[in-house]
Amino acid sequence: MNSIEQTGCGSACSCASGAAAAIPANPAISAMESVPASVNGVALHGVGEQLGAEALRERAYAELLRQQAVRLGCLPEQAVTRAPELGAAEREAIESMLEREVLLPEPSEEACLRHYAANKPQHVIEQAVHLRHILFAVTPGVDVQKLAQRAEAALHELMHKDAPAGRFEQLAAELSNCPSSAQGGDLGWVGPHDCAPELAQALFFQSEPGFGIGLHPRLVHSRYGFHIIELLERRKGRQLEFEAVRDSIAAQLELRSRATAWRQYMMLLVGQADIVGLELEGADTPLVQ
């Protein structure tokens, strides 16, 4: 007979309404919930302490690095059963360990040239566009599908050959969720760093020209919502030569290389560790940098 069948009198008396409260917790489930996540036997949190998934992963990575620093003699041995909080000195020791352990080759001239050739629009200065827009903002609780339909309907109206002069300004004043609605949606002259990255990508950084002068025939999506955009003027700017941007490209590639190498190092530590209570991406063999 299971625990549910053993609880209560088994008749239709008034105690039936309290049966759910009287049912004891499943001991197997309770035991699982009471066992903290751990790295190599070191608990990441106390019994009953609640951590979000991201916070738990961050704590696991910190403990993996602390244990590695101890193994390599960068930090002193500690008899701990729970992951200690890292202080400034411990973090500095771990950073120094990573600098020694994770070798980062300098970007080659060939790699910098390839990056420059593939990303020429990123190295144009003094470019700008004069545009106006109508923003349909995505806000908490909004029906995104209906919002997109309203934006598409407004764009369709503006694209019609019989759309009257001044209709863009009228719709901007009526519909736009941007303060520029008071100016008929006019944003003035805008450079790549003056707008959301998604708009900058669409307006300035396409490998092939995507925006010509006039009303853009498709909605543009950004983190703020849906935009109807009309390009009024464009200043093309000036393409920088490779020599002028070589150092900044090398710095970008070095940062990218460092992020990749540190991720691979962490994967190797994960693959060699005994991790309980959470899943981390790991590898059990050395990875090629």
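Using the Cα gyration tensor of the range 26-144, with a ≥ b ≥ c the square roots of its eigenvalues, what is the shape: rounded (a/c below 1.5), prolate (a/b larger than b/c) or oblate (neither)?
Values: a/c = 3.48, a/b = 1.41, b/c = 2.46.
Verdict is oblate for the range 26-144.
Is the C-alpha gyration tensor of the range 137-289 telling us rounded, prolate or oblate? Criteria: a/c under 1.5 is rounded; beyond that, a/b larger than b/c is prolate, otherwise oblate. If you can, show how the numbers build up before the last one.
Details: a/c = 3.60, a/b = 1.78, b/c = 2.02.
In terms of gyration-tensor shape, oblate.
Expressed as a whole percentage, what fraction of the accessible surface of the range 217-258 belongs to carbon and sulfur atoms when a 1.4 Å probe is rolled over the protein heavy atoms? Working shown, then result.
On the way: 1330 of 2700 Å².
About 49 percent, which is the carbon plus sulfur part of the accessible surface.
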Requested in this report: Among the GluC sites (Glu not before Pro) in the range 64-124, which ones are in a DSSP loop with at most 14 other Cβ atoms within 10 Å of the Cβ? Mind listing them?
Outcome: GLU77, GLU85
Query raised in the report: Name the trypsin sites (Lys or Arg not before Pro) in the range 219-289 that are in a loop by DSSP and that have at most 15 other C-beta atoms within 10 Å, would you?
Result: ARG223, LYS236
Requested in this report: Under a cut-off of 17 Å between alpha-carbon atoms, report the aspartates and glutamates in cross-link reach of LYS120, not counting same-chain residues fewer than 8 places apart.
Outcome: GLU109, GLU110, GLU208, GLU241, GLU243, ASP247
Report task. Over the range 120-272, give the accessible area per residue in Å² for a 1.4 Å probe, as an integer. Result -> 58 Å²
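The values are calculated or read from the model by the stated rules, or taken from the named source; none is laboratory data. Worth saying up front: this structure is predicted, and the values here are computed from it rather than measured. When we count neighbours, we look across all protein chains shown, and the Cβ atoms used for this are built from the backbone with ideal geometry, even at glycine. Just the protein is used for accessible areas: all its heavy atoms, side chains included, with ligands, DNA and RNA removed. Shrake-Rupley method; radii C 1.70, N 1.55, O 1.52, S 1.80 Å.
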